[in-house]
Structures are given as structure tokens and as C-alpha cells.
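Notes for the one structure printed next.
Throughout, read-outs are computed from the coordinates displayed, never taken from laboratory work. Computed from a predicted model, the values in this text were never measured in an experiment. Here the Cβ positions follow ideal geometry from the backbone for every residue, glycine too, while neighbour counts run over all protein chains shown.
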Amino acid sequence: MTTATEKKKKAETRFIDATGAEVRQREKALAAPQAAATTANFTLHNGAVTFEMEVQYNPNSYPHVVSGGKITSGICGAPWNITGGVFGDNLRLDAQRAGTGSCASTITILGDLQQPAAYRGTYGFDGATSWFKHTTIYHC
């Protein structure tokens with residue numbers, strides 16, 4: 001048998017999820033939220049070319065896990081779909097050509113963090129990573 005005090009206490013119990021919304025069940029309040037996603041802009045410079053990139057990543061991870069994005073210009077056959085990678089103390093971006101033309105089909109960009117917020121490293125095509133030197137700037 002439930003007492004009046006227990007009924008009142010049960011009625012006063014509120015569950016709030018990670019977004020601040022009220023939910024009916026405790027399990028929903030404690031459920032893991034979906035991974036957050038946001039976009040950062042990067043610009044890769046190697047002296048001869050400049051690649052503009054929109055990188056989608058999880059800001060709640062570190063190093064930041066890249067979930068997608070695009071290289072929008074500056075590279076043969078643009079756009080290129082960014083298929084994965086990571087950035088933090090180091091940068092790695094993998095992409096596949098989505099555009100047309102007789103260009104390489106993949107690119108891998110590697111770099112080490114420099115200050116101010118930039119990565120210095122190399123990139124290459126079709127599995128290679130050390131063909132060209134670059135500096136990639138991270139735009140917050």
C-alpha cells in the first residue's frame with residue numbers, strides 16, 4: 001500500500017535529459033546522447049595550391065574524431081568527400097574524389113600541430129602520404 005507521502009514524492013520526481021528537456025522515465029534521462037557534430041573550416045596551403053575544407057567532427061572527443069566533410073576547392077576533381085580522420089595534436093584526413101576528371105581517387109593529409117592553430121605536414125594521393133608539404137590552418 002502506498003502512503004500519501006510516497007505518492008507526493010513520486011509525483012515530485014522529475015527526470016531531465018542531457019539537453020535539459022524533461023522526460024518521463026529515468027532511463028531516458030540517463031541514456032547516452034548521440035555524438036555531437038559540428039563543422040570546422042580548414043585551409044591547406046602548399047605554395048602552389050590552396051584547398052578549402054569543411055570538416056565535420058565530434059567536439060566532445062579529443063583528439064577530435066572526423067565523421068565527414070568536403071574538400072570544396074583547390075584540388076583536382078573537387079569536391080572530395082572527407083571519409084574520416086582525426087585532429088588534435090596531429091591531423092589526419094582521408095578523402096575520396098567525388099568530382100570528375102582524371103585525378104587520383106583518394107588523398108591522405110597528415111600534419112603535426114603548430115602554434116598558432118595550424119598543422120604542418122605532408123599529403124599524398126592513392127595511399128601515399130609524403131608527396132607534398134603543406135601548412136593547414138584551422139579556422140575556429
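Here are the numbers:
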{"read-out": "Unit Cα scatterers, Debye sum, region 74-140: log10 I(q)/I(0) for q = 0.15, 0.18, 0.26, 0.27 Å⁻¹", "value": "-0.46, -0.65, -1.16, -1.21"}
{"read-out": "Length released on extending from residue 28 to residue 106, taking residue separation times 0.36 nm less the Cα-Cα span", "value": "24.0 nm"}
{"read-out": "For region 34-80: span of alpha carbons on each principal axis (Å, largest first)", "value": "38, 19, 11"}
{"read-out": "Dipole of the chain, positive direction: furthest Cα of 73, 139, 51, with charges on the beta-carbon", "value": "139"}
{"read-out": "Around residue 137: net Lys/Arg minus Asp/Glu count, Cβ-Cβ under 12 Å", "value": "0"}
{"read-out": "Euclidean distance of C-alpha centroids, region 116-140 and region 18-80, integer Å", "value": "18"}
{"read-out": "Structure-derived Rg and Dmax of the Cα atoms in Å: which label, when the choices are (i) 22.6, 80; (ii) 15.4, 47; (iii) 15.8, 52", "value": "(i)"}
{"read-out": "Karplus (6.51, -1.76, 1.60) ³J(HN,Hα), θ = phi - 60°, over region 110-126, in Hz, Gly and Pro reported as x", "value": "10, x, 10, 5, 10, 10, x, 3, 8, 10, 10, x, 9, 8, x, 10, 6"}
{"read-out": "Ranked 45, 134, criterion: other C-beta atoms within 10 Å, fewest first", "value": "45, 134"}
{"read-out": "Long-range HN-HN contacts of residue 23 with modeled amide H, under 5 Å", "value": "15, 16, 17"}
